[in-house]
Amino acid sequence: MLRISVNLIFCNSNYIIIYMKKTICSLILIIAASLLFAEKPLVRDIQAKVGNGKKVRISWQLPQKPEPALYNLLIYRTTGQISSYSQLKNLEPIASLAPEKTSYIDTLEDLRDYFYTVISETEKGPYDVVLLSFNSTVTSVHLTTKKQTEEAVEKNETETMYPDGTLRKTPLPYLDIIDGVGAEPLVSDKTASDVSSLTGGSKKASKSAVLTPYIFEEDLVSPDGGDAYLLFEILKSSFVTKKYKESIDKLNHLIGTNISESTRNRAYFYLGEAQYFNKNYEEAVRNFVKVQSVYPTLSQKWLEASLDRI
């Protein structure tokens, strides 16, 4: 019996060591790939998101000062995952974009699963490197049927309440954030300033009713971890308890850290809301403009309400 116990402990120890080695090797490979391709003409962090209708938004990050320089971007749509450039040789790209573009809106006509790949072109031709999750999507996207969309809208008509500073699991009304999306998720300070000056020289309308706080559906339930959890904690401890000055400080700090684009966009929107309720309307406008291309319908509503009070 003692020998069996010792053998089991030895086997378990070996299994743990092997697992740790695999994990460490995977991390080393990811870090090595990031460093190796940091200055290469290779886009990274590609994402594809589906909204209502037939629209799919593909976004990515451009390399910093690539050698050789980019002069074109080719977008490919396929029904299978792409892990090698040889799979694209005989295919025509669905779009050819300028090298500064970081997103593209595709239109689908069926319900099949699709993958996307972005290939960089230089003076020497296409940069024929394909890396999953860098410039090629790992998971597929597909449209939803009209029936599914109608059911989702009907289900999401319930109003969300937040008593005693708590977050409920009732989903908020769904907004299509794909239609009308522009090429860039953020805008310059000059553009924000131009928007805030729209009220100058014109007769102002009477002030509309004060808006009620809006929270995105993904932030209603506590995530398992990561930057989404940090945002959730700010909302729970400060935002829904109407500590807007505290919310502004915490959201600004979170935005200044290394967080995902999705979390950053939502944080900017909440920052705009906090500024609005703190009566800093010009700052609210500035933040809503930054995410206007990501949440066009929702941002327009809050922009108009903020401009109405400047």
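FYI, it's all coordinate maths here, none of it is from the lab. This is a predicted model, so every value here is computed, not measured.
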- Query: Each residue of segment 83-96 in order: what ³J(HN,Hα) in whole Hz does its phi give by Karplus 6.51 cos²θ - 1.76 cosθ + 1.60, θ = phi - 60°, with x for Gly and Pro?
  - Reply: 10, 8, 5, 4, 6, 9, 4, 9, 9, 8, x, 7, 7, 10
- Message: Apply the Karplus curve 6.51 cos²θ - 1.76 cosθ + 1.60, θ = phi - 60°, to the phi angles in segment 71-80 and return the couplings in whole Hz, x for Gly and Pro.
- Response: 9, 6, 10, 10, 9, 10, 10, 9, 8, x
- State which entries of K65/K290; K55/K89; K243/K301; K49/K250; K49/K301; K55/K101 exceed 21 angstrom in Cα-Cα distance in the structure shown. K65/K290; K55/K89; K243/K301; K49/K250; K49/K301
- Query: When the Karplus curve 6.51 cos²θ - 1.76 cosθ + 1.60 is applied with θ = phi - 60°, which whole-Hz ³J(HN,Hα) does each residue of segment 298-310 get, with x for Gly and Pro?
  - Reply: 5, 5, 4, 4, 6, 4, 4, 5, 6, 4, 5, 10, 6
